[in-house]
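Take a look at the structure set out below.
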Amino acid sequence: MFGYELVHTPEFHIDTKVIDNILTAICKIVEQPQKWVLNIVFLNKKSIQELNKNHRWLDKPTDVLSFHYYSDFNELKDDDIAGEIVLCEEILIEQWKEYWLWSTWEFYKLIIHSVLHILWYDHEKDDEYKVMHRLEQEVADEIWITLG
């Protein structure tokens, strides 16, 4: 199983056991080498907008960006950083208030979604969307069982 490092701690509560359970579930469900580290980083709006502009050519802030640094994970060591999940706490909180979302679960859903992106899953085409959505649901179901 891969590990992670929470680079910044947000103001909202994060249960690291849930993140551990997410990563364990993904390891069970997705058949790819996963012996490496992810960074989970929180940035302000200005910084994430700059990343979004430089990497996705969208000059606006966003809630989350995923970056994978390797096209092949087979040769990575346990302590190699394979990717990063970059979140904007300010935007997350705004969205949670606007849409009346259960904040921590929405954060965990973004983690699931982002890890799948780092593992090369995408949702640009209908068939890709179906595969990625099915995997997200399988992981979420596994998490609910584990938390229950």
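None of the figures in this text is laboratory data; all of them are computed from the coordinates on show. From a predicted model like this one, the values you see are computed outputs, not experimental measurements. A quick note on method: Cβ atoms are made from the backbone with ideal geometry, for glycine too, and the neighbour counts reach across all protein chains shown.
Summing charges over neighbours of residue 49, with a neighbour being any other residue whose Cβ is under 13 Å away from its Cβ, gives +1 when K and R count +1 and D and E count -1.
With the simple model of a label 7 Å out from the Cα in the direction of the Cβ, residue 94 to residue 130 spans 3.6 nm. Taking a ≥ b ≥ c as the square roots of the eigenvalues of the alpha-carbon gyration tensor, the chain is classed rounded because a/c is under 1.5.
When the alpha carbon coordinates of region 23-73 are projected onto the principal axes, the ranges are 36, 20, 16 Å, largest first. Applying 0.36 nm per residue to the separation of residue 46 and residue 32 and subtracting their alpha-carbon distance, the gain on full extension is 1.6 nm.
The charge dipole of the chain, taken about its Cα centre with unit charges on the Cβ of Lys, Arg, Asp and Glu (plus for the first two, minus for the last two), comes to roughly 200 debye.
Going down the table (17/109; 45/97; 60/125; 28/130; 28/77; 109/130), which pairs top 21 Å between alpha carbons? 60/125, as the Cα separations exceed 21 Å there.
Normalised by the number of residues in region 1-72, the average gap of Cα pairs under 8 Å and 6 or more apart makes the relative contact order 33 percent.
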